[in-house]
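What follows is a short report on a single structure.
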Amino acid sequence: MATAPETTLLILGAGGDLTHRLLLPGLASLLAVERDRRVRVVGADRVDLSDDQWRDRVADSFSTVEAPAAVTRRVTAHTEYLSTDLLDQEALQSLITHCGDGPLVVFFALPPEVTVKVCTLLQHVDLPQTTRLALEKPFGTDRASAADLNALLHRIVGEEDIFRIDHFLGVGTVFNLVGLRFANRVLAPIWNAEHIERVEIVYDEDLALEGRAGYYDRAGALKDMLQSHLLQIMSLFAMESIATLDARELRDQKVQVLRATRVWGGSPTRSSRRARYTAGKIGRRTVPDYVAEKGVDPDRGTETLAQVTLEVRNNRWAGVPFVLRSGKALGAPRKHVVAHLRDVPHLPTGFAGSSGGDRLTIDLKPGAVSLTLTMNAEGDPLDLEQKTLTATLTAPRMQAYGEVLAQVLDGNQLLTVRGDAAEEGWRVMAPVIEAWSKGRVPLEEYPAGSTGPDGWLPDQG
């Protein structure tokens, strides 16, 4: 059996936080599992780093996931760093040429506006026959800019070689949605509007801004989380059945969900809410008012908590509200999908207690599935109460970025966002973005460490 050729992973923006904190540790977790995979890492950025300094950075990133020493040695022995002006076409061509003729993955660990400028230059650069582009969200700033970015990328390589990274799709518990839905006979028949009353997709964090004002203050919770990550999770939850785990088939079904998605009732003012944290305490940690955080412009009115209710207008989901919510600096992290089941049509007379509130909860972290059911209570057999059955899912074999990188290196687009899906995400949220920009939805406040403003999701506890 022939050995697979070595793939060069060229990281543009290698001196930044994304590379050190997420990308290189993800690669380390991948190579710790797949020891035979051959990857040559080349870093490039405007920062001046010696080869020794770069190797030390790579080794330090690998150490955060406790990669085996042999894995770290193999990568650091052959890694290179090239100080390069990425916005100079000749320098960019020289960098690409230096990477050789073998398979090349270009990973853009750059600010979005710089990525666009580099891609504009890449149109005029000679690339190896097998070249794949891996880009971080956001993909554009609205539907029109996303379409323009897609057109630009397609002038460099084909859609089959474009990998729009959403690391949420690399999290095993998210992808377990597919197995949970289609691999058992119990849940598949009830996965529709007849049995499910509403769906909540929540990603609440107890982390505050954590020094990310440069990006976050221009994006906010709506664009940073709901428009991208949570819409992708919703499309996995709501999609129709697939015949095989084929990238095209899976992504076809996901984008059909997005095409059918609208703001609930057509009213962004009634179906969306936004808020921003004020000073407070999370555990023993004191959190300043968001507008007092370094790098924040108070005049932008950036929200740190966003909630939008959507509807999927198709036969399966008509009439079911999908509530997407994400926020920062909240008292307790909640990262899950909850499917609330409808009440039984008739509860036999004589039972005491409620039959309502049955629900399926799929944790996004740490990874469990819980089914809360109404059944007889202990003691009086006519009393009803709820009990929860919980199954803990197997821990992922590698970090989310490791799973994503494995797909990119193999040319498998199963876990990536297709161009039309990126555009549809902006279309879905466009009415909300417009309403918020015009001040038609008030910016509420909540103390850091709280559960958020009162009266949002009905199960805030």
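The values are calculated or read from the model by the stated rules, or taken from the named source; none is laboratory data. Since we're looking at a predicted model, the values are computed, not measured. No Cβ is skipped: glycine too gets one built from the backbone with ideal geometry, and neighbour counts run over all protein chains shown. Just so you know, the surface numbers come from the protein's heavy atoms only, side chains and all, with ligands and any DNA or RNA stripped out. Shrake-Rupley method; radii C 1.70, N 1.55, O 1.52, S 1.80 Å.
Computed values, structure above
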quantity	calculated
Test: residue 428 is hydrophobic (A, V, I, L, M, F, W, C), on the phi < 0 side of the Ramachandran plot, in contact with a strand residue (DSSP E or B) (Cβ under 9 Å, 6 or more places away or on another chain) and in a helix (DSSP H, G or I)	yes
Flag for residue 21 being out of contact with any strand residue (DSSP E or B) (no Cβ under 7 Å at 6 or more places or on another chain) and not in a helix (DSSP H, G or I)	no
Those residues of the range 157-210 which are out of contact with any helix residue (DSSP H, G or I) (no Cβ under 8 Å at 6 or more places or on another chain), of a type in the set (Val, Ile, Thr) and assigned to a strand (DSSP E or B), in sequence order	202
Residue tally, condition small (Gly, Ala, Ser), closer than 19 Å to residue 136 by Cβ and buried (at least 18 other Cβ atoms within 10 Å of the Cβ), over the range 203-221	3
Only listed residue being touching a residue at least 24 places away in the same chain (Cβ under 8 Å) and of a type in the set (Ser, Thr, Tyr), chosen from 394, 388, 374	394
Options 409, 384, 414: the member that is open to solvent by less than 40 Å² (accessible area, probe 1.4 Å), assigned to a helix (DSSP H, G or I) and among the hydrophobic types (A, V, I, L, M, F, W, C)	409
Candidates 275, 243, 292, 329, filtered to the one that is at positive phi and of a type in the set (A, V, I, L, M, F, W, C)	329
Test: residue in the range 341-349 that is closer than 20 Å to residue 196 by Cβ, modelled with pLDDT of 90 or more and buried (at least 17 other Cβ atoms within 10 Å of the Cβ)	yes
Count - residues of the range 81-109 that are surrounded by fewer than 16 Cβ atoms within 10 Å (Cβ to Cβ) and either touching a Gly at 6+ places or on another chain (Cβ under 8 Å) or touching a residue at least 60 places away in the same chain (Cβ under 8 Å) (or both)	2
Filter result for residue 374 (surrounded by fewer than 18 Cβ atoms within 10 Å (Cβ to Cβ) and farther than 30 Å from residue 441 by Cα)	no
Residues that are under 23 Å from residue 434 (Cα atoms), of a type in the set (A, V, I, L, M) and open to solvent by 40 Å² or more (accessible area, probe 1.4 Å), drawn from the range 132-156	144
Restricting the range 49-68 to residues that are modelled with pLDDT under 95 and of a type in the set (A, V, I, L, M), the residue that is surrounded by the most Cβ atoms within 10 Å (Cβ to Cβ)	67
Complete set of residues in the range 229-271 that are assigned to a helix (DSSP H, G or I), open to solvent by 60 Å² or more (accessible area, probe 1.4 Å) and within 18 Å of residue 404 (Cα to Cα)	248
Filter result for residue 224 (crowded, with 18+ Cβ neighbours inside 10 Å, acidic (Asp, Glu), closer than 25 Å to residue 281 by Cβ and in contact with a Phe, Trp or Tyr (Cβ under 9 Å, 6 or more places away or on another chain))	yes
Selected residue (criterion: surrounded by the fewest Cβ atoms within 10 Å (Cβ to Cβ)) from residues of the range 420-461 that are basic (Lys, Arg) and within 30 Å of residue 280 (Cα to Cα)	438
Residue in the range 277-290 that is surrounded by fewer than 22 Cβ atoms within 10 Å (Cβ to Cβ), assigned to a helix (DSSP H, G or I) and of a type in the set (S, T, N, Q) present	no
Test: residue 159 is of a type in the set (Asp, Glu), closer than 27 Å to residue 22 by Cβ and either free of Cβ contacts under 8 Å to residues at least 60 places away in the same chain or buried (at least 18 other Cβ atoms within 10 Å of the Cβ) (or both)	no
Matching residues in the range 182-202 - criterion: being buried (at least 18 other Cβ atoms within 10 Å of the Cβ), under 25 Å from residue 249 (Cβ atoms) and not aliphatic (A, V, I, L, M)	191
Some residue of the range 39-54 being assigned to a helix (DSSP H, G or I), within 16 Å of residue 406 (Cβ to Cβ) and either in contact (Cβ under 8 Å) with a residue 12 or more places away in the chain or basic (Lys, Arg) (or both)	no
